[in-house]
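To start, the structure itself, in structure tokens.
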Amino acid sequence: MTNTPSARPANPRFSSGPCAKIPTFSLDKLSDAALGRSHRAAIGKEKLKAAIEETREILGIPADYKIGIVPASDTGAVEMAMWSLLGARKATMVAWESFGSGWVSDVVKQLKIDAEVKEAGYGEIVDFATIDFDTDVVFTWNGTTSGVRLPNGDAIPADRAGLTICDATSAAFAMDLPWDKLDVTTFSWQKVMGGEAAHGMLILSPRAVERLESYTPAWPMPKIFRMTKGGKLIDGIFKGETINTPSMLAVEDYLVALAWAKEIGGLPKLIERATTNAKVLWDFCDRHDWIDNLAVDPATRSNTSVCLRFTDDRITDGAAFAKAVAKKLETANVAYDIGAYRDAPAGLRVWCGATIESADVEALTLWLKWAFEATVAELEAA
């Protein structure tokens with residue numbers, strides 16, 4: 001068994017959500033938060049609008065796309081889109097991990113929409129060449145719980161008749177999203193930017209706005225989902241006039257993270273940082289025959305939520321073994337919250353988004369080897 005490593009991650013927070021704060025974070029950076037002030041007051045509106053426009057600038061979102069801050073994190077944003085837009089035509093639900101499967105369940109079992117379901121197992125993705133984009137297509141860009149992503153949007157036609165609704169919560173700010181191929185895009189602050197939870201972003205293309213204004217769903221619409229009034233878009237939602245009361249402390253935290261992103265070089269640098277982090281783990285897997293990436297095709301590997309599986313023949317109970325490794329790393333204060341998602345195959349899930357430092361991932365790999373060998377030794381002793 002290897003000796004206990006001397007180097008350790010300076011920040012052991014590798015959770016896949018809420019994710020690590022920006023490297024320069026400190027509580028005093030939130031001192032300008034509009035606490036105790038109405039979000040409808042001038043100061044509140046200014047900060048909410050700034051969050052929208054800074055998001056647009058960093059992500060390169062087209063000027064004619066609408067960006068709204070909505071309640072209930074990414075889940076709320078996806079549900080708003082599905083409840084408001086689906087039903088006008090047949091839908092295609094695409095899933096390759098637990099959250100995508102959740103959207104399938106909501107559409108098929110709750111909304112009872114005519115939908116074709118296309119699924120792939122953990123570690124794989126659905127072949128987008130087989131999808132009919134004359135239907136409304138709902139999919140996740142990056143499978144947060146499976147560690148696989150759509151490599152590009154090339155298979156999505158520009159002249160599609162249906163809408164594309166993309167859950168991009170662990171992709172935004174770490175992957176290059178093709179906005180011309182996406183009609184609805186959602187994400188939460190708590191992922192790549194390390195923001196606080198409970199707030200989601202809903203981005204609508206002109207085609208999505210047209211659908212909202214021309215189609216009325218057959219089902220009752222909860223107030224928190226309503227984006228139109230009298231057949232017209234409630235434009236204020238997309239200028240920072242939120243449907244419900246947002247946390248101005250969380251808004252300030254997001255603004256601080258956006259400012260950091262601009263300071264380091266914007267989207268290209270964010271993508272570079274995430275990819276560099278992930279590559280540390282990819283290379284580690286290449287060097288050891290007892291661990292592998294859950295993603296079957298290297299082209300689909302996620303550079304944010306990197307999912308790993310143990311492949312050693314001595315392991316008889318994969319779930320128990322992975323849990324024991326994760327527990328050792330947490331007890332040693334080396335890595336927190338890196339067990340695989342509850343619905344995913346047994347293994348580990350390490351967040352490698354832009355707020356993580358590559359030196360911390362390098363140090364983690366030494367401890368991964370230590371924890372693996374220590375757990376194998378316990379098995380053999382038993």
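How about region 264-281: which of its residues are surrounded by fewer than 20 Cβ atoms within 10 Å (Cβ to Cβ) and touching a helix residue (DSSP H, G or I) at 6+ places or on another chain (Cβ under 9 Å)? Once the filter is applied, which keeps residues that are surrounded by fewer than 20 Cβ atoms within 10 Å (Cβ to Cβ) and touching a helix residue (DSSP H, G or I) at 6+ places or on another chain (Cβ under 9 Å), region 264-281 yields 264, 265, 266, 269, 276, 279.
The residues of region 222-258 that are open to solvent by less than 40 Å² (accessible area, probe 1.4 Å), out of contact with any strand residue (DSSP E or B) (no Cβ under 8 Å at 6 or more places or on another chain) and not β-branched (Val, Ile, Thr), listed by number, are 225, 231, 236, 248, 252, 253, 255, 257, 258. Candidates 381, 371: the one that is more than 22 Å from the chain's Cα centre (by Cα), more than 30 Å from residue 260 (Cβ to Cβ) and modelled with pLDDT of 95 or more is 371. What do you reckon, is residue 337 open to solvent by 10 Å² or more (accessible area, probe 1.4 Å), under 19 Å from the mean Cα position of the chain (by Cα) and charged (D, E, K, R)? Yes: the conditions hold for residue 337.
Take residue 297 and tell me if it is within 30 Å of residue 127 (Cα to Cα) and either over 18 Å from the mean Cα position of the chain (by Cα) or surrounded by fewer than 20 Cβ atoms within 10 Å (Cβ to Cβ) (or both). Answer is yes for this residue. Restricting attention to region 154-183, the residues being part of a loop (DSSP other than H, G, I, E, B), under 17 Å from the mean Cα position of the chain (by Cα) and not aromatic (Phe, Trp, Tyr) number 11.
How many residues does region 185-207 contain that are open to solvent by 10 Å² or more (accessible area, probe 1.4 Å) and in a loop (DSSP other than H, G, I, E, B)?
5
Of everything listed in (1) open to solvent by less than 10 Å² (accessible area, probe 1.4 Å); (2) part of a helix (DSSP H, G or I), the single unmet condition for residue 210 is (1). Tallying residues that are assigned to a strand (DSSP E or B) and either more than 17 Å from residue 140 (Cβ to Cβ) or in contact with a helix residue (DSSP H, G or I) (Cβ under 7 Å, 6 or more places away or on another chain) (or both) within region 292-351 yields 11. When region 139-153 is limited to residues that are assigned to a strand (DSSP E or B) and touching a Phe, Trp or Tyr at 6+ places or on another chain (Cβ under 8 Å), the one that is most open to solvent (accessible area, probe 1.4 Å) turns out to be 149. Evaluating residue 319 against the criteria (1) of a type in the set (A, V, I, L, M, F, W, C); (2) out of contact with any Ser or Thr (no Cβ under 8 Å at 6 or more places or on another chain); (3) crowded, with 22+ Cβ neighbours inside 10 Å leaves one unmet condition, (3). Against the conditions (1) modelled with pLDDT of 95 or more; (2) surrounded by fewer than 21 Cβ atoms within 10 Å (Cβ to Cβ); (3) closer than 29 Å to residue 60 by Cβ, residue 303 satisfies every one except (2).
Looking at region 1-119, the helices (runs of 4 or more DSSP H) lying wholly inside it that each contain 3 or more residues that are surrounded by fewer than 20 Cβ atoms within 10 Å (Cβ to Cβ) and out of contact with any Ser or Thr (no Cβ under 9 Å at 6 or more places or on another chain) sit at 42-59, 98-105.
The values are calculated or read from the model by the stated rules, or taken from the named source; none is laboratory data. Computed from a predicted structure; not experimentally measured. In this analysis, Cβ positions are derived from the backbone assuming ideal geometry, glycine residues included, and neighbour counts consider all displayed protein chains. Side chains are part of the model used for accessible areas, which takes the heavy atoms of the whole protein and leaves out ligands, DNA and RNA. Shrake-Rupley method; radii C 1.70, N 1.55, O 1.52, S 1.80 Å.
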